[in-house]
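Derivation of every value follows stated rules applied to the coordinates shown; laboratory data play no part. Just so it is clear, the structure is predicted and the values come from calculations on it, not from any experiment. Backbone-built Cβ (ideal geometry, glycine too); neighbour counts: all protein chains shown.
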Amino acid sequence: YYYGEDLKKLPVVFVEVYSLENAFRMLLKGRVDLVVEDVNVGLYRAKQMGIVNKISYLRRVIIYRDPSYVAFAKKPGYDKLAEEFSEELKKFKKTEEYFKIIKNYGLIEPGNVTTGK
């Protein structure tokens, strides 16, 4: 992920790691005070690692994440497809089916976290 330049402007020591697992290990050892991650991704990985009861998370967004184009090439013409996909994904995230998926993976429901911009 790229979280933008705002993260680097915070008055903290910024440490990049190569995996979320490493970040969580550093957190548990007291080597860092905070791990920046999407809450659902973080909780899912913490559950896989068996540490979900050893960590806590902020229930509000502290930074705004720039949009990412993971599924689409940045070639001419793909921008429209990416926009259409994004709009459909936004609609899907408001459906009961999406909430069932979230619950199935034992993740928090999106309504429990204040969203960003």
Taking placed amide H atoms and a strict 5 Å upper bound, the residues 5 or more places from residue 93 or on another chain that come that close are none
So, R0 is 41 Å and r is the distance between the beta-carbons of residue 57 and residue 84; what FRET efficiency does that work out to, to 0.05?
0.80
